[in-house]
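Participant: Right, I'll just put the structure down here and ask away after.
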Amino acid sequence: MPETNRGAGRPLAYWSQLAVGQRFRQGQRCASMAGMNTHDAPDSAAPAGGGCRLFALIFAAVLAAMLIAAIAIRFWLFPAALTPVELQTSEKLSLNQKLRSVGYQEQAFTLEGSGAEALEPEPYSEVGAKREIRFSERELNGLLAKNTDLARKLAIDLADDLASARLVLPVDPDFPILGGQTLRMSAGVEARFESGHPVLVLKGISVWGVPLPNAWLGNLKNVDLIAQFGDQNGFWQAFAEGVEELSVREGELFVRLKP
């Protein structure tokens, strides 16, 4: 008769096989859990690596934005001084002749190899006198270059019916926030001759590329200054009455005066 386990009523071989099966199933569960941990490890490490890359991208973007802002502030808001215009010898000679024709006897530019000419006495006469004034954009800026300090702060541009000026001004070092920096300004005036009189219209003034409101300009934007102030027996009236023709073209200013 086979040996049995007391109190259980089952053969001993049965319990041995049951114990072996339990150990086998436990081994399978451990192997499965180990496999799951092995597959999960890269997934848990992936967010860490992705987070580092994301942080690097954000840091690089912020650094690039700060660099661009610094360059914009340095060269846009606080530009360097303007470069004076250097006229060629032929341009200097032509400008001297133009100034002499309107009564400016001294030479604006001393040419190499020529000294200052002594003035000779002569009787006054308007016979054959030219009443036209014609200056190119380079000649006007060249005249400014006679004063080097002014030429580094002011530049004139001539376009069709439009005269523009660009101005850079150093800010006093004691001025709050902007002290010691350079202020950039620009302005435009429409200039033409219409209905027998000159027309000068203020187109606007900008500071650092931002147009000033019309109210800050005394509501003079897009207003004909001669029509507005020409009846007050002042400068504008005298100017209008003395001009027979006025035109501004690309790179050139032309004025014909009345007798």
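Every number here is computed from the coordinates shown, using simple stated rules; none is lab data. In this text the structure is predicted, and so the values were computed from the model without any measurement. Heads up, the Cβs are rebuilt from the backbone with ideal geometry, glycines too, and the neighbour counts pull from every protein chain shown.
Participant: What is the gain in length, in nm to one decimal, between LEU167 and GLU194 on full extension, counting 0.36 nm per residue of separation less the C-alpha to C-alpha distance? Provide the component values of the computation, followed by the final result.
Facilitator: On the way: separation 27, 0.36 × 27 = 9.72 nm, distance 2.90 nm.
Net length gain for the segment: 6.8 nm.
Participant: A further question follows. Which of the listed residues, LEU167, ALA240, ILE226, is farthest toward the dipole's positive end in region 127-259, when Lys, Arg count +1 and Asp, Glu count -1 at the beta-carbon?
Facilitator: LEU167
Participant: Please work out the FRET efficiency for the pair THR89 and ARG131, using the Cβ-Cβ distance as r and a Förster radius of 35 Å; give the result to the nearest 0.05.
Facilitator: Details: r = 28 Å, r/R0 = 0.79.
Between THR89 and ARG131 the formula returns 0.80.
Participant: Using 7 Å Cα-to-Cβ label points, what is the ASP231/CYS52 separation (nm, one decimal)?
Facilitator: 8.1 nm
Participant: Arranged by the count of other C-beta atoms within 10 angstrom, fewest first, what order do MET185, MET66 take? Working shown, then result.
Facilitator: Numbers: MET185 17, MET66 10.
Ordered by Cβ neighbours within 10 Å, fewest first: MET66, MET185.
Participant: Label points 7 Å out from Cα along the Cβ direction at VAL243 and VAL223: separation in nm?
Facilitator: According to this spin-label approximation, the distance is 1.8 nm.
Participant: Which FRET efficiency value, to the nearest 0.05, do you get for GLU252 and GLU120 by plugging their Cβ-Cβ distance into 1/(1 + (r/R0)^6) with R0 = 35 Å?
Facilitator: On the way: r = 32 Å, r/R0 = 0.92.
Efficiency for this residue pair is about 0.60.
Participant: Give me the distance in nm between label points sitting 7 Å out from Cα along the Cα-to-Cβ direction at LEU212 and LEU150, one decimal.
Facilitator: Between LEU212 and LEU150, the label points sit 2.1 nm apart.
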